[in-house]
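For reference, the structure discussed in these notes is given below.
The values are calculated or read from the model by the stated rules, or taken from the named source; none is laboratory data. Keep in mind the model is a prediction, meaning the values are calculated, not measured. Backbone-built Cβ (ideal geometry, glycine too); neighbour counts: all protein chains shown.
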Amino acid sequence: MLKFLHDAHTHTAYSDGTGSIADSVAAAEARGLALLGITDHSHHFEPGTLGRYIREVRYWGEDAELTILAGVEGNITAGGVDVPGFMAEKLDYVIASVHEWLERPEEYVELVKLALEDDNVDIIGHFGASFPYIGFPSADELEEILDLAEARGKAFEISSRYRVPDIDFIRECIRRGIKLTFASDAHSPGEVGGVSWSERIFEKAGGAREDLLFGEFL
Ligand SMILES: [Zn+2]
Ligand SMILES: [Zn+2]
């Protein structure tokens, strides 16, 4: 039996996903989710389309059986996160993720630190998805990330798509009061709510409702 069933990271045809917002909401209802976050990629939006996107999320959220939130997934680059303040203030939350190919884990850690310092960012997306390919950061580097996240009140998602972060990192988040979310990173309505890995590892790490960023809705 799945507990705290929510999916805080999904894409639609507003960026590189397939299916409409209505399709994703219907899929979330069919799967019995308590909360769905629609989080299309930031670089697909212009000011006009962002307004339309948010209106559409609000429209389908109004009579839905679950809480529907409007977010985006921004890109962390050497110049910072590509979600400006005017965008963030219209949204319920902002995920920031590393998407560029890097050579070394130190580079990845430096980028994530930029996002943790950014007032517009709420959640770090799929933290460590490229570590198996580029190498793992040192314990000290991970400690720095956790210290900064704790100090700045940032959350991490538990990504079922990439199966990150690892359980030790999640345990440490829980111990420090760093909030967590479940994330399918769905790119089609059929993938919405695919968070069983997130749920399993969260429970295994000893997580409870109060450890979830959106616990109040679940
Ligand atoms: Zn991503
Ligand atoms: Zn994504």
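Just a few scattered comments:
- Every condition in (1) more than 16 Å from ligand 1 (Cβ to nearest atom); (2) of a type outside the set (A, V, I, L, M); (3) surrounded by 21 or more Cβ atoms within 10 Å (Cβ to Cβ) holds for Gly177 except the one numbered (3).
- Per the conditions (1) in contact with a Leu (Cβ under 8 Å, 6 or more places away or on another chain); (2) surrounded by fewer than 16 Cβ atoms within 10 Å (Cβ to Cβ), the sole criterion not satisfied by Leu66 is (2).
- Taken across the stretch 20-27, residues that are within 16 Å of ligand 2 (Cβ to nearest atom), part of a loop (DSSP other than H, G, I, E, B) and touching a helix residue (DSSP H, G or I) at 6+ places or on another chain (Cβ under 6 Å) do not occur at all.
- Checked across the stretch 52-72, the condition of being polar (S, T, N, Q) and either within 16 Å of ligand 1 (Cβ to nearest atom) or more than 21 Å from Glu191 (Cβ to Cβ) (or both) holds for no residue.
- When the stretch 28-41 is limited to residues that are under 14 Å from Asp92 (Cα atoms) and not charged (D, E, K, R), the one that is farthest from ligand 2 (Cβ to nearest atom) turns out to be Leu35.
- Of the residues making up the stretch 93-110, just one is under 20 Å from Ile178 (Cβ atoms), surrounded by fewer than 22 Cβ atoms within 10 Å (Cβ to Cβ) and within 16 Å of ligand 2 (Cβ to nearest atom), namely Tyr93.
- Residue within the stretch 166-176 that is outside any helix (DSSP H, G or I), away from ligand 2 (no atom under 14 Å from the Cβ) and of a type in the set (D, E, K, R) present: yes
- Only a single criterion out of (1) within 16 Å of ligand 2 (Cβ to nearest atom); (2) at negative phi; (3) in contact with an Asp or Glu (Cβ under 6 Å, 6 or more places away or on another chain) is not satisfied by Gly193, namely (2).
- When residues of the stretch 78-107 are limited to those that are outside any loop (DSSP other than H, G, I, E, B) and within 13 Å of ligand 1 (Cβ to nearest atom), the one farthest from Ile145 (Cα to Cα): Val94
- Filtered by the rule that a residue be in contact (Cβ under 8 Å) with a residue 60 or more places away in the chain and touching a Ser or Thr at 6+ places or on another chain (Cβ under 8 Å), the stretch 192-209 gives Val192, Gly193, Gly194, Val195, Ser196.
- Checking Arg55 against (1) of a type in the set (D, E, K, R); (2) surrounded by fewer than 21 Cβ atoms within 10 Å (Cβ to Cβ); (3) in contact (Cβ under 8 Å) with a residue 24 or more places away in the chain, the condition it does not meet: (3)
- Flag for Phe136 being within 15 Å of ligand 2 (Cβ to nearest atom), among the hydrophobic types (A, V, I, L, M, F, W, C) and without any contact (Cβ under 8 Å) to a residue 40 or more places away in the chain: no
- Among the residues listed as Phe127, Phe131, Phe136, Phe86, the single one being touching a Pro at 6+ places or on another chain (Cβ under 9 Å) and at pLDDT below 95: Phe86
- Enumeration of residues in the stretch 114-130 that are out of contact with any helix residue (DSSP H, G or I) (no Cβ under 6 Å at 6 or more places or on another chain) and away from ligand 2 (no atom under 16 Å from the Cβ): Leu114, Glu117, Asp118, Asp119
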